[in-house]
Structure formats: structure tokens, C-alpha cells
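Every read-out reported here was derived from the displayed coordinates using simple, explicitly stated rules and does not represent laboratory data. The structure displayed is predicted, hence computed values, not measured ones. Cβ: placed from backbone, ideal geometry, glycine included. Neighbour counts: every protein chain shown.
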Amino acid sequence: MSKAILTLKDAKIYQRDHLVLSEVSFQLHSGDLIYLIGKTGSGKSSLLKTLYGDLTLQEGVGEVVGYDLNHLKERDIPFLRRGIGVVFQDFQLLSDRSIQKNLQFVLKATGWEDKTKLESRIHDVLEQVGMQHKAYKMPHELSGGEQQRVAIARALLNEPDLIIADEPTGNLDPETSREIMQVLKGIQKKGKAIFMATHDYSIINDFPSKMIRCESGSITQLETVTI
């Protein structure tokens, strides 16, 4: 049986002192893709931020990639985040350096020192997302879809068990969105767990999987929808 990568039980999600979600219980296993849906302001972003240590889990039980969210110390957060790859809607690439140097920056910041291994890892992740020939381009020279592929490559650098994708197709046209989903599905097939917030129901229709809906201060788990 695949191992649990993420477990929340009776969790309460707070934004500062404001209770956003209560009774949050679910698991995500290796090889799972679960969509996180819900209206703007329903608590999706707060839930995601809690998972990668940006918000504190104040009540309930939470474990992500082996880290206990209830007793997470400040010094543990960088190590937690090495086990999680985060993909944002707006790419968040550093505009003043090439794609190669964007990825070098992340690896060096997370302790990689061997130049040969570092260059090899960058080539591997860019190849996974079909961007190995664009390593020396600047971000502004790439299309939105290409920038998002690079952002996914960046998320894969430290071989995380979990990919958190926050509206990864939100700034992309429908055709490019499908291409990005094909990339994410390929990553899922290699055993990574993917937790993806989205408003794009055409993506859910085309790539059906389990869903969690944030609504009225709690979550509802929905089984696989096939259309």
C-alpha cells in the first residue's frame, strides 16, 4: 500500500486569530492527485500555507512529509519545504537571471555544493518538463507556459514527495493549461503526491481525480468524477 505523505485529522486552520476552516480531515498518499476547489476566500490558500509551514497549525493533528505540524519549530521549516515542491500561479521566477541560474540559486540555498551533481540535477528536472533547451534563456524570453514548466522543474529539484500546486494554470490559456496538466500527470505517475488548488473545471473534467471542496468553513471530500 502507498504511504501517507500528508495527514490532517480534526485540524482547524487559522489566518492569524481568524478561524478559516474546521474539522479538516484527509490523507494524501504517494501517487495521489487531489484537487482543492472552492470559491475565493473559502480557505484554500490558508490550508496550503499551513501545509508548508507559512501558517501555524494551532489545533488538530497534522503530518506532512514526515514532519509534525503541531510541533514544527522555526528551524524545521526549511527542511519541511525541501520535502515539498510548491508551484505558484505567477511562476515567481527571479527575473534578473537565466533559468539555469534560477535553479542553481535554489540548489545552493538548500545545501548543494558539488557543481557536477548540481548541473546534472538541473538538466534532469528541465528534461522532465521539456525545457532542457531553454536553460540559458531569461524568464522574460519564455511564454507563460514555458515559465510554468520551469516553475515545476524548480519544485522538483530536491526530489520532494509532495507537490503543492496553487492555481498552476490560472494565468494560462486552455491549450497551455492542458500541456501543464500533462506534465503534472507525468510526475504523478512517477509516484509523487500532488495537491492542486484550482478554479479550472475544464481541467478537472479532462483529468478527473478526487477533490476536496472548501465551503462554509469546512471541507467536503468528493470521489473521482468522470465526465
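The modelled label-to-label distance between residue 190 and residue 70, using points 7 Å beyond Cα along the C-beta direction, is 3.5 nm. Compared with the dominant principal axis of the Cα atoms in the chain, helix 115-128 is inclined by about 70°. Across the chain, Cα pairs under 8 Å and at least six residues apart give a relative contact order of 28 percent.
With contacts taken as Cα pairs under 8 Å at a separation of at least 6 residues, region 89-159 carries a relative contact order of 46 percent. Only helices enter the 222 nm calculation for the chain: every DSSP H run of n ≥ 4 contributes -39,500 (n - 2.57), and dividing by all residues gives -9500 deg cm²/dmol, rounded to 500. Taking a ≥ b ≥ c as the square roots of the Cα gyration tensor eigenvalues, with a/c under 1.5 meaning rounded and otherwise prolate when a/b beats b/c, else oblate, which class fits region 14-90? In terms of gyration-tensor shape, rounded. Annotation: extensible slack from residue 95 through residue 207 equals 37.1 nm (criterion: 0.36 nm per residue apart, minus Cα-Cα distance). Along the charge dipole of region 89-159, Cβ charges K/R +1 and D/E -1, which of 144, 155, 133 sits furthest on the positive end? The listed residue farthest towards the positive side: 133. Once a ≥ b ≥ c are taken as the square roots of the eigenvalues of the Cα gyration tensor of region 126-188, is the result rounded (a/c under 1.5), prolate (a/b larger than b/c) or oblate (a/b not larger than b/c)? Verdict is oblate for region 126-188.
Sorted from fewest to most neighbouring beta carbons within 10 Å, what does the list 127, 119, 113 look like?
113, 127, 119
For region 89-159, the C-alpha radius of gyration sits at 0.99 times the compact-globule guess of 2.2 N^0.38 Å, with N the residue count. The alpha carbon convex hull volume per residue for region 91-227 rounds to 130 Å³. Here the gap between residue 61 and residue 113, fully extended at 0.36 nm per residue and compared with their Cα-Cα distance, gives a gain of 15.1 nm. Note: relative contact order over region 137-227, using C-alpha pairs below 8 Å and six or more positions apart, is 25 percent. Each DSSP beta bridge with both residues in the chain is either parallel or antiparallel, and the antiparallel ones are about 55%.
Compared with the dominant Cα axis of the chain, that is its longest principal axis, helix 144-156 is turned about 80°. Exposed loop sites, defined as trypsin sites (Lys or Arg not before Pro) outside DSSP H, G, I, E and B with at most 13 other Cβ atoms within 10 Å, are absent from the longest region of the chain, namely 74-189.
Determine the dipole magnitude for the chain: charges of +1 sit on the beta-carbon of Lys and Arg, -1 on that of Asp and Glu, nothing else is charged, the reference point is the Cα centre, and the result goes in debye to the nearest 20. Using Cβ point charges on Lys, Arg, Asp and Glu, the chain gives about 420 debye.
The C-alpha atoms of the chain define a longest principal axis, and helix 174-189 lies at about 80 degrees to it.
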